[in-house]
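Please read the structure below before turning to the comments.
The values are calculated or read from the model by the stated rules, or taken from the named source; none is laboratory data. Bear in mind that the values here come from a model prediction, so they are computed numbers and not experimental data. Don't worry about glycine lacking a Cβ; one is built from the backbone with ideal geometry, like all the others, and counts go over all protein chains shown. Remember, those area values only see protein heavy atoms, side chains included, never the ligands or the DNA or RNA. Shrake-Rupley method; radii C 1.70, N 1.55, O 1.52, S 1.80 Å.
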Amino acid sequence: LRWVPTSLELGNFVDAWNSAPFGRFFLNSIITTGVGTALEMACAVLSAYAFAFVEFRWKKAVFVLILGSLMLPGHVTLLVNYITVANLGWLNTYAGLILPGMGSAFAMFLVYQQMRTVSQELVDAAIMDGAGHWRRMSTIVVPLCTPMIVTGTLIVLIGKWNDFVWPLIVTSTADMRTLPIGLQFLRSQEGYTNWGAIMAGAVMVAAPMLIVFFIGQRRIIGGIAAGAVKG
């Protein structure tokens, strides 16, 4: 076993790229990750604002119910979601890959904790000026909560990029596979002999999110720490 290779074989990246349709895998991952993250964070911000600033009946009960879903493993809902997607005819489609993951109790709670720190005096002043909920949210609450929203976006982005189980279940053709599934496809194509191509494929899959994490790690840590303290 040699820990340090004697030469750098860049040809492994070419072999990996040519052994599987990585261009299509990258496109699918970019679409599903980008659109899915945008929709999930939009729902999280709207839900967090409603729980923080809107009074409605059974508010606490609904909030507790949503938080309770955090205790359920994600695999519990796989069968129900698959049956729903299949009945809607969304297998092997972007809708089937993206829409079932729109709701996120984790992202909502993360943003909600930050929204609780917004000064009620600012909100009351906006109400006195005649601002409605949409204007209050877009001009006061969201700008003040931008660090936490960015933190939640980065966490959701990394999670969706690395998602393996759900894309594996709802897609069956290579043209709709995402990168984690494509890496498994590459391993099945190359077997267990061409480890150079397999590891090169793993680098191509991991590199984009590693770059995102290293760029945004300070924001992630700082946002979570800020959301842990109310004051």
Just to verify a result, which residue in segment 37-61, among those that are of a type in the set (Phe, Trp, Tyr) and in a helix (DSSP H, G or I), is surrounded by the most Cβ atoms within 10 Å (Cβ to Cβ)? Tyr49
Among the residues in segment 26-36, are any more than 30 Å from Arg116 (Cα to Cα), free of Cβ contacts under 8 Å to residues at least 12 places away in the same chain, open to solvent by 40 Å² or more (accessible area, probe 1.4 Å) and out of contact with any Ser or Thr (no Cβ under 8 Å at 6 or more places or on another chain)? yes
When the residues of segment 84-101 are filtered to those that are without any contact (Cβ under 8 Å) to a residue 12 or more places away in the chain and assigned to a helix (DSSP H, G or I), which remaining residue is farthest from Asp175 (Cα to Cα)? Asn87
It is to be established whether one or more residues within segment 123-142 are of a type in the set (Gly, Ala, Ser), closer than 20 Å to Gly103 by Cβ and open to solvent by less than 60 Å² (accessible area, probe 1.4 Å). no
Here the residues within segment 62-115 that are within 16 Å of the chain's Cα centre (by Cα), open to solvent by less than 40 Å² (accessible area, probe 1.4 Å) and of a type outside the set (Val, Ile, Thr) are Ala95, Gly96, Leu97, Gly101, Ser104, Ala105, Ala107, Met108, Leu110
Filter segment 181-218 down to residues that are charged (D, E, K, R) and under 19 Å from Phe26 (Cβ atoms) and give me whichever is modelled with the highest pLDDT. Arg187
From Ala207, Ala200, residue being open to solvent by 20 Å² or more (accessible area, probe 1.4 Å) and part of a helix (DSSP H, G or I): Ala207
